[in-house]
Amino acid sequence: MEEQPRAARAPQDARDPRDPQDPPTGALDRRAELSEFLRTRRARLKPEDVGLPAFGRHRRVPGLRREELAQLAGVSVAYYTRLEQGNGRNVSAEVLDAIARALRLNAAEHSHLTHLAKPKAHKKKPSARPQQVRAGLRQLVDTLDDVPAYVTGRRSDILIWNRMAAAVFGDWSELPPQERNWARLVFLRPEYRDLYIDWDQKAADMVSFLRMDAGCHPDDPRLSALVGELSVKSEEFRRLWATHDVKEKSHGVKRMHHPLVGDLTLSFETFPLPDDQEQFLIIYHAEPGSPSADALRLLASWGTDATRAPTVTP
């Protein structure tokens, strides 16, 4: 008998991580994450997508059946069923590769599946202390006078930024340290919905990044608490989190509407730090000679006055 669709599981810990007297202690359920990820990836495929005949007009659930996926991957239905139920302790890398191919997973999804099914042993729990940024990197970011640049860490925390980042995105120094987090900004602060012209895409990317982080660190209670808080406070976040989509930070283009200089089209590049793979340097730039380049020069000339725009700063 084919399984029925299941409702998305609520995060285990929805307490406010900002309360120092009540620190979060929960963690994401890795087995549940593995189960839901496989189920949602299977649901997005149709038999005709993978060269299988679509027998039967009435399919009780969307996507491939378990037996069809097992056939494509070359494993038994019972074996795949155990894996989709969250039991991936003894699965081999070869089997995961075969399942990834059958599910048409991209590189980020393949990596996420591996983290969930074969988690690395962590010698210690994630530290509650803020991540530290090297002094040399701080100096480098400060010297980038003409382009916005900042460094993010775990859970999408914003660690450091330069003057131009404050001019474009708002002066994060006016926020409490625990609020300097991209996920919180995107989903909980209306001014960022106004700032991003393609807010829906920004929101989807943000959730996909958090999913990747959760796959690598399912035992991080602060990440679990962040997911819980956002799930309680944002319907959009709940919907996107239930899709189980994952994405790695890379490069692209963002369109924004700045309250002082109008529309901006900025390209960005993401650089993982060689000595700390959990920190990323992100640099934005405009096409030379474009209106956006002129707007950045104008913001640079205004200096700190550009951070006083009422729709960007809190």
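Between residue 194 and residue 265, what is the FRET efficiency for a Förster distance of 25 Å, r being their Cβ-Cβ separation, to the nearest 0.05? Taking R0 as 25 Å, the efficiency between residue 194 and residue 265 is 0.90.
Using only the Cα atoms of region 206-294, build the gyration tensor, take square roots of its eigenvalues as a ≥ b ≥ c, and label the shape rounded, prolate or oblate: rounded if a/c is under 1.5, else prolate if a/b is larger than b/c, else oblate. Oblate is the answer for region 206-294, as a/c is 1.5 or above yet b/c matches or exceeds a/b.
Straightening the chain between residue 134 and residue 250 buys 39.6 nm, computed as 0.36 nm per residue apart minus the Cα-Cα spacing.
In a fully extended conformation the segment linking residue 46 and residue 275 would gain 78.2 nm over its present Cα-Cα distance, using 0.36 nm per residue.
Taking packing as the residue-averaged number of other Cβ atoms within 10 angstrom, the listed peptides 164-174, 89-99, 68-78, 182-192 run from highest to lowest as 164-174, 182-192, 68-78, 89-99. Take the Cβ atoms of residue 287 and residue 107, set R0 to 35 Å, and the FRET efficiency comes out at 0.80. For region 135-308, the gyration tensor built on C-alpha atoms gives a prolate shape. Its axis ratio a/c (a ≥ b ≥ c) is at least 1.5, and a/b is the larger of a/b and b/c. Pairs exceeding a 24 Å alpha-carbon distance, out of 46/249; 118/249; 46/254; 118/247: 46/249; 46/254.
Just so you know, all these numbers are worked out from the coordinates, no wet-lab data involved. None of these values were measured; they are calculated from a predicted model. Every residue, glycine as well, gets a Cβ built from its backbone with ideal geometry; the counts of neighbours run over all protein chains shown.
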